[in-house]
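Below is one structure; the comments refer to it alone.
The values are calculated or read from the model by the stated rules, or taken from the named source; none is laboratory data. Just so we're clear, the structure is a prediction, and the values are computed from it rather than from any experiment. As a convention, Cβ positions derive from the backbone with ideal geometry for all residues, glycine included, and neighbour counts pool all protein chains shown.
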């Protein structure tokens, strides 16, 4: 260090320190603004989660009562057409925009322009309970999502929030309802960000959706809500042949979801075109369900059909076409206008089909039934990530890779169809289909009909 003065060393040291400090861009004001945003949306999401959790608990308890009452009194099925008339009259008289159900919720996340009426929550709750009490084949996810979203929009109005704030609260309501009704907060968290658009996740809702899903689930559990528990899947190592078999099964799961969506929409279209009064459409649907039940001489396909799920996951004997029969029962129930979700029936279709495919492909049928449980829903809802996470939450992470493969394959195989017709197509699933900017699944379907069906 000869020839270098102490003063020069001090000057050079100060220059190094100054240059080093300038390389950092830490801005205290920006950090505090971000921290406040996180706290604010965590609190708002938690409020929505508490309300969604309370609503889901009331719903689950009511649904359990309705199911047990129907099983104890099988003759209630014969009152299903009359119940349909009552549900149809109530929705026709008081429903208004709420009659559009989950499609209205998803549309409002995308367009953010119309009010989600608070009456949607009690209407869908009572309508779904009545549907199950008298034997309609329906689920529970749609009910929870609609209740969560309508309560979230009510919170938004009470707080005077508008614009993007409203959009994020509705997304939180979706997450809170989904996570609390199934006991799957991780899936609910992602579902609220994934469901409104095909091929895109809205990360702007990451804080309120996470808070609502977690707090909603905790609230429901604290209030005594119970969820079905499944045996965890074993840790299956990566095997090329098994991957190919799961890929084949995933495509079959996707085609099944496509068939369900097409049949559901076809029934809705035909009935609404030729039979205008909603109560009459529901009465016809009720008569059809009664007739199908008498024809098959079994009530296995009514309500949630959770017995079929148990058979599929526990090495029971599963009828070969159980998935198809549940598909028909659910499409007729919901297509004619009865109230309820599609997800649990899709679980049934996936589990029963997976069991049958397992036997055909030389794979453990209960293992593939667990995979199909989530995969058919992934294809029908266009939410492969949320469904993969749901599969992991319900069945453990031992076969997570296979679960993801089946969900992605089903998602791609189902094409541009889905149970939520107001979903926007952000990223097309293939390079062949022409999708216009901001097309919804409903608009894309209308274009297909004009293309392939002569006027």
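General observations
- Out of 193, 171, sole residue that is buried (at least 20 other Cβ atoms within 10 Å of the Cβ), touching a helix residue (DSSP H, G or I) at 6+ places or on another chain (Cβ under 9 Å) and free of Cβ contacts under 8 Å to residues at least 40 places away in the same chain: 193
- With respect to the stated conditions, residue 305 fails to be surrounded by fewer than 21 Cβ atoms within 10 Å (Cβ to Cβ) and in contact with a helix residue (DSSP H, G or I) (Cβ under 7 Å, 6 or more places away or on another chain).
- Test: residue in segment 75-83 that is in contact (Cβ under 8 Å) with a residue 24 or more places away in the chain and either within 27 Å of residue 424 (Cα to Cα) or not in a helix (DSSP H, G or I) (or both): no
- Subset of segment 308-317 that is in a helix (DSSP H, G or I) and touching a helix residue (DSSP H, G or I) at 6+ places or on another chain (Cβ under 7 Å) - its residue that is surrounded by the fewest Cβ atoms within 10 Å (Cβ to Cβ): 313
- Some residue of segment 391-399 being under 19 Å from the mean Cα position of the chain (by Cα) and crowded, with 24+ Cβ neighbours inside 10 Å: yes
- Meets criteria (in a helix (DSSP H, G or I), crowded, with 19+ Cβ neighbours inside 10 Å and at pLDDT below 95) for residue 98: yes
- Applying the set (1) assigned to a helix (DSSP H, G or I); (2) surrounded by fewer than 21 Cβ atoms within 10 Å (Cβ to Cβ); (3) not assigned by TED's automatic domain parsing to the domain that holds residue 398 to residue 251 leaves exactly one unmet item: (3).
- Any hit, segment 59-68, residues being touching a helix residue (DSSP H, G or I) at 6+ places or on another chain (Cβ under 9 Å), modelled with pLDDT under 95 and surrounded by fewer than 14 Cβ atoms within 10 Å (Cβ to Cβ): no
- Qualifying residue in segment 238-245 (condition: touching a helix residue (DSSP H, G or I) at 6+ places or on another chain (Cβ under 6 Å), touching a residue at least 12 places away in the same chain (Cβ under 8 Å), more than 30 Å from residue 335 (Cβ to Cβ) and not assigned by TED's automatic domain parsing to the domain that holds residue 405): no
- Residue count for segment 254-283, restricted to those that are farther than 16 Å from residue 99 by Cα and either assigned by TED's automatic domain parsing to the domain that holds residue 87 or outside any helix (DSSP H, G or I) (or both): 1.
- Only residues that are farther than 22 Å from residue 409 by Cβ and either at pLDDT 85 or above or surrounded by 10 or more Cβ atoms within 10 Å (Cβ to Cβ) (or both) were counted in segment 423-444, giving 7.
- Test: residue in segment 129-147 that is without any contact (Cβ under 8 Å) to a residue 60 or more places away in the chain, assigned to a helix (DSSP H, G or I) and either assigned by TED's automatic domain parsing to the domain that holds residue 74 or within 25 Å of residue 37 (Cα to Cα) (or both): yes
- Screening residue 206 against (1) surrounded by 18 or more Cβ atoms within 10 Å (Cβ to Cβ); (2) in contact (Cβ under 8 Å) with a residue 40 or more places away in the chain; (3) out of contact with any strand residue (DSSP E or B) (no Cβ under 8 Å at 6 or more places or on another chain) leaves a single unmet condition, (2).
- Meets criteria (under 21 Å from residue 256 (Cα atoms), at pLDDT below 90 and assigned to a helix (DSSP H, G or I)) for residue 410: no
- Residue in segment 367-382 that is in the same structural domain as residue 263 (by TED's automatic domain parsing), modelled with pLDDT of 95 or more and surrounded by fewer than 23 Cβ atoms within 10 Å (Cβ to Cβ) present: yes
- Exactly one residue out of 123, 86 is at pLDDT 95 or above and either surrounded by fewer than 21 Cβ atoms within 10 Å (Cβ to Cβ) or outside the structural domain of residue 178 (by TED's automatic domain parsing) (or both): that is 86.
- Only one of the numbered conditions (1) closer than 25 Å to residue 90 by Cβ; (2) within 12 Å of the chain's Cα centre (by Cα) is violated by residue 187, and that is (1).
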